[in-house]
1. Going residue by residue through region A:58-67, is there one that turns out to be surrounded by fewer than 20 Cβ atoms within 10 Å (Cβ to Cβ) and under 23 Å from residue B:89 (Cα atoms)?
2. Take residue B:17 and tell me if it is within 12 Å of DNA strand D (Cβ to nearest atom), out of contact with any strand residue (DSSP E or B) (no Cβ under 8 Å at 6 or more places or on another chain) and over 22 Å from residue A:24 (Cα atoms).
3. In this structure, is residue B:108 more than 16 Å from DNA strand D (Cβ to nearest atom) and touching a strand residue (DSSP E or B) at 6+ places or on another chain (Cβ under 6 Å)?
4. Which pairs have Cβ atoms under 9 Å, sit 6 or more apart or on different chains, and link a residue in region B:133-155 that is within 17 Å of residue B:38 (Cα to Cα) to one that is part of a helix (DSSP H, G or I) and modelled with pLDDT under 95?
5. Could we say that residue B:99 is in a loop (DSSP other than H, G, I, E, B) and either away from DNA strand D (no atom under 12 Å from the Cβ) or crowded, with 21+ Cβ neighbours inside 10 Å (or both) here?
6. Mind listing whichever residues of region B:1-43 are at pLDDT 95 or above, away from chain A (no Cβ under 12 Å) and either within 30 Å of residue A:32 (Cα to Cα) or assigned to a loop (DSSP other than H, G, I, E, B) (or both)?
7. Based on this model, can you work out whether residue A:126 counts as in contact (Cβ under 8 Å) with a residue 12 or more places away in the chain, under 21 Å from residue B:95 (Cα atoms) and not in a loop (DSSP other than H, G, I, E, B)?
8. Being within 14 Å of another protein chain (Cβ to nearest Cβ), more than 27 Å from residue B:7 (Cα to Cα) and more than 10 Å from DNA strand C (Cβ to nearest atom) is the requirement here; does residue A:65 meet it?
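The values are calculated or read from the model by the stated rules, or taken from the named source; none is laboratory data. Source: prediction; values computed, not measured. Because the Cβ atoms are built from the backbone with ideal geometry, glycine has one as well, and the counts that use them run over all protein chains shown.
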DNA sequence: ATAATTCACTTGCAATTTGCAAGTGAATAT
DNA sequence: ATATTCACTTGCAAATTGCAAGTGAATTAT
């Protein structure tokens with residue numbers, strides 16, 4: 001999916017060359033929204049990415065500094081993929097994209113009220129989401145996910 | 001570039017199916033940043049899109065309600081492509097993408113200070129950019145472009 | 001201890017998509 | 001009238017994608 005030559009130094013083009021294929025943003029979505037971390041979890045995505053394509057996209061994202069790959073302490077067969085700072089910086093764009101689609105796709109499965117809540121409290125929420133993902137959490141899944149933090153009452 | 005079947009109803013996937021190929025966002029960038037409007041102008045982009053691909057991307061964007069195509073009053077050979085409301089709604093995402101790349105691409109040609117100025121005055125600037133593009137202007141080019149409005153002194 | 005399973009990939013190949021080069025026909029300029 | 005411009009289309013080669021079937025190391029089950 002990547003061109004050997006650099007097409008231009010335009011920022012939009014740089015972004016497209018880094019993650020502008022059909023699958024990379026879905027991988028990043030799986031991390032941010034669903035807390036996925038391993039090859040097998042990404043392979044399971046609803047959209048059905050092929051295993052060879054997943055492999056090539058993951059290594060491209062690692063090579064471009066969006067993801068880091070670390071060995072899993074508990075299972076030596078696995079690796080953990082996480083967003084770098086550069087990758088975490090993509091969250092606002094990913095959320096804008098999701099916001100746009102949530103507003104414009106009549107068939108969306110996206111929780112409209114929650115999305116609008118996020119944008120209504122943009123600064124605070126974006127920060128919370130970034131910190132959550134940075135420490136291994138996600139927007140929707142897991143004990144310490146953003147949704148839990150917001151809506152579950154404190155002990 | 002579009003798949004016949006819908007891969008999922010996830011908002012990120014919806015966005016990717018609408019404009020997630022290698023060229024669509026460059027077309028939208030050419031409109032927002034550089035005020036391009038016609039087939040020939042898009043064909044001229046620095047990245048060198050092939051004429052058949054441009055043709056297919058333009059019709060896909062029109063079909064998906066991101067662009068409208070109108071006849072040029074002065075030259076019947078030409079058509080004018082413009083962003084619809086749905087297309088104008090993409091500006092925040094495009095700007096986040098540009099911001100990310102401007103901060104992360106060491107070789108960027110993007111004006112860093114101006115980009116940061118935009119984000120420092122986000123609400124006001126996004127509104128100004130949207131209104132400017134909506135009325136046929138652009139960020140950088142043309143008498144009434146955003147840059148002129150900001151930095152040229154009033155008469 | 002051995003065997004079966006899981007996991008993260010890789011390989012081979014067919015099908016789709018892309019990209020180049022060369023048209024085409026209508027509208028405008030000379 | 002003729003040439004040129006404009007927005008495409010067509011034909012084909014090259015690259016990319018996607019499916020199905022491996023592969024080998026690590027883990028689990030027996």
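1. No.
2. no
3. Spelling it out, it is not the case that residue B:108 is more than 16 Å from DNA strand D (Cβ to nearest atom) and touching a strand residue (DSSP E or B) at 6+ places or on another chain (Cβ under 6 Å).
4. Once the first residue is within 17 Å of residue B:38 (Cα to Cα) and sits in region B:133-155, its partners that are part of a helix (DSSP H, G or I) and modelled with pLDDT under 95 give B:137/B:148; B:137/B:149; B:142/B:148.
5. Judged against the criteria, residue B:99 is not a match.
6. Result: B:35, B:36, B:37, B:38.
7. yes
8. Yes; evaluated as a whole, the condition is true for this residue.
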